[in-house]
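Single-structure report; data block below.
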Amino acid sequence: MRSFLLIHGAWHGAWCWAPLQEHLNLAGYSSVAIELPGNLPGRSLGDDAELAFEALAQAHGDVIVVGHSLAGLLAPFVASHPKVCGLVMVAALFPEFDISAAQQREQTPQIYTDRYHQASVIRHEDGSTEVPAQEAIDLMFNTCTSDVAQWAASQLRRQYWESFVEPSPVWAWPDMPTLAIGCTEDQLTNPEPMRQAASRISGAHYLELNTDHSPMLSDPGELARLLIDFADRADLL
């Protein structure tokens with residue numbers, strides 16, 4: 001049976017995948033959520049990829065890589081590992097080959113919502129950022145239950161952005177089935193640019209969830225169902 005490697009996005013940690021992992025475990029699927037130290041300065045995409053490759057080295061059988069949000073920059077690179085058989089992008093940024101995500105934002109600002117462009121993010125002199133709790137709830141956890149939203153917002157940490165300003169190491173999209181999942185109530189990223197990006201990738205399929213930016217917290221059961229359906233697809237054999 002295939003397993004899942006779960007890669008979190010900005011400000012988050014491996015904790016955000018716990019509700020989803022419960023559903024996957026109940027269905028008999030194993031998963032590993034890696035911890036990316038985005039709260040530490042000076043880390044590149046290559047540094048984060050090494051953590052993912054270490055986790056893949058311990059995996060048994062085929063693995064599906066799941067990247068959320070900022071981890072969309074990393075997940076296609078990690079998917080080059082020989083154990084990876086499929087790729088899932090959840091409310092994720094799609095890298096443009098040999099340019100940075102910062103350049104993408106300048107060229108295609110509609111990747112992000114107007115609400116996010118106006119967000120009250122705390123910007124520190126060292127280049128890192130933090131998201132105040134209520135702002136985080138409004139941007140990322142707006143369809144979560146109140147308890148889950150408040151808990152998730154309290155877990156967020158400072159984020160450094162070196163990986164956001166370095167050119168993408170992904171020179172070609174991995175030759176494997178790809179599932180892109182947009183979120184219709186997302187207040188941080190717009191699903192339409194994600195749909196358009198997926199339409200340009202051979203073998204990619206696009207689906208939507210009626211959730212906020214964080215379906216692993218707001219609707220983990222439905223996200224688990226989509227992941228399991230994808231894992232069971234014949235073209236992953």
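In this structure, does T184 turn out to be surrounded by fewer than 18 Cβ atoms within 10 Å (Cβ to Cβ), β-branched (V, I, T) and in contact with a Pro (Cβ under 8 Å, 6 or more places away or on another chain)?
Numbers: surrounded by fewer than 18 Cβ atoms within 10 Å (Cβ to Cβ): yes; β-branched (V, I, T): yes; in contact with a Pro (Cβ under 8 Å, 6 or more places away or on another chain): yes.
Against the criterion (surrounded by fewer than 18 Cβ atoms within 10 Å (Cβ to Cβ), β-branched (V, I, T) and in contact with a Pro (Cβ under 8 Å, 6 or more places away or on another chain)), T184 qualifies.
Would you please list the contacts, defined by Cβ atoms under 8 Å and residues six or more apart or on different chains, that run from a residue in the stretch 91-117 that is at negative phi to a residue that is in a loop (DSSP other than H, G, I, E, B) and of a type in the set (G, A, S)?
Cβ pairs passing all conditions: A92/G9; P95/S168; E96/S168; F97/S168; F97/A172; I99/S168; S100/S168; A101/S168.
Only one of A59, A55, A10 is part of a loop (DSSP other than H, G, I, E, B), closer than 24 Å to L217 by Cα, touching a strand residue (DSSP E or B) at 6+ places or on another chain (Cβ under 7 Å) and not polar (S, T, N, Q). Can you tell me which?
Working: A59 fails: closer than 24 Å to L217 by Cα; A55 fails: part of a loop (DSSP other than H, G, I, E, B).
That would be A10, the only listed residue that is part of a loop (DSSP other than H, G, I, E, B), closer than 24 Å to L217 by Cα, touching a strand residue (DSSP E or B) at 6+ places or on another chain (Cβ under 7 Å) and not polar (S, T, N, Q).
From V165, V170, grab the single residue that is hydrophobic (A, V, I, L, M, F, W, C) and either under 18 Å from L6 (Cα atoms) or surrounded by 19 or more Cβ atoms within 10 Å (Cβ to Cβ) (or both).
Working: V165 fails: either under 18 Å from L6 (Cα atoms) or surrounded by 19 or more Cβ atoms within 10 Å (Cβ to Cβ) (or both).
Of V165, V170, the one residue that is hydrophobic (A, V, I, L, M, F, W, C) and either under 18 Å from L6 (Cα atoms) or surrounded by 19 or more Cβ atoms within 10 Å (Cβ to Cβ) (or both) is V170.
For the stretch 108-119, what are the residues that are surrounded by 10 or more Cβ atoms within 10 Å (Cβ to Cβ) and either of a type outside the set (K, R) or assigned to a loop (DSSP other than H, G, I, E, B) (or both)? Give the derivation first.
Start the filter on the stretch 108-119 by keeping residues that are surrounded by 10 or more Cβ atoms within 10 Å (Cβ to Cβ), which leaves 108-117, 119.
Once the filter is applied, which keeps residues that are surrounded by 10 or more Cβ atoms within 10 Å (Cβ to Cβ) and either of a type outside the set (K, R) or assigned to a loop (DSSP other than H, G, I, E, B) (or both), the stretch 108-119 yields T108, P109, Q110, I111, Y112, T113, D114, Y116, H117, A119.
Identify the single condition in (1) assigned to a strand (DSSP E or B); (2) in contact with a Lys or Arg (Cβ under 7 Å, 6 or more places away or on another chain) that M89 does not satisfy, given that it satisfies every other one.
M89 satisfies all of (1) assigned to a strand (DSSP E or B); (2) in contact with a Lys or Arg (Cβ under 7 Å, 6 or more places away or on another chain) except (2).
Just to verify a result, which residue in the stretch 81-107, among those that are more than 22 Å from T211 (Cβ to Cβ), touching a helix residue (DSSP H, G or I) at 6+ places or on another chain (Cβ under 9 Å) and among the hydrophobic types (A, V, I, L, M, F, W, C), is surrounded by the fewest Cβ atoms within 10 Å (Cβ to Cβ)?
Per the stated criteria, the residue is A102.
Pick from the stretch 123-144 the residues that are farther than 23 Å from R195 by Cβ and either of a type in the set (D, E) or touching a Lys or Arg at 6+ places or on another chain (Cβ under 9 Å) (or both): which of them is surrounded by the fewest Cβ atoms within 10 Å (Cβ to Cβ)? Write out each step before concluding.
So the first thing to find is which residues in the stretch 123-144 are farther than 23 Å from R195 by Cβ, and the list is 123-138, 144.
Okay, now just the ones that are also either of a type in the set (D, E) or touching a Lys or Arg at 6+ places or on another chain (Cβ under 9 Å) (or both), so 124-126, 128-130, 135, 138.
Details: H124: 10, E125: 5, D126: 9, S128: 17, T129: 16, E130: 17, E135: 18, D138: 20.
The residue in question is E125.
Taking the stretch 13-32, which residues are over 12 Å from V65 (Cβ atoms), in contact (Cβ under 8 Å) with a residue 12 or more places away in the chain and either part of a strand (DSSP E or B) or hydrophobic (A, V, I, L, M, F, W, C) (or both)? Spell out how you get there, then give the answer.
Residues of the stretch 13-32 that are over 12 Å from V65 (Cβ atoms), as a first pass: 13-30.
If we keep only those that are in contact (Cβ under 8 Å) with a residue 12 or more places away in the chain too, we end up with 13-24, 27-30.
A14, W15, C16, W17, A18, L20, L24, A27, listed by residue number.
All of the numbers you see were taken from the coordinates with simple rules; none came from a lab. Since the model is a prediction, treat every value here as computed from it, not as a measurement. In this analysis, Cβ positions are derived from the backbone assuming ideal geometry, glycine residues included, and neighbour counts consider all displayed protein chains.
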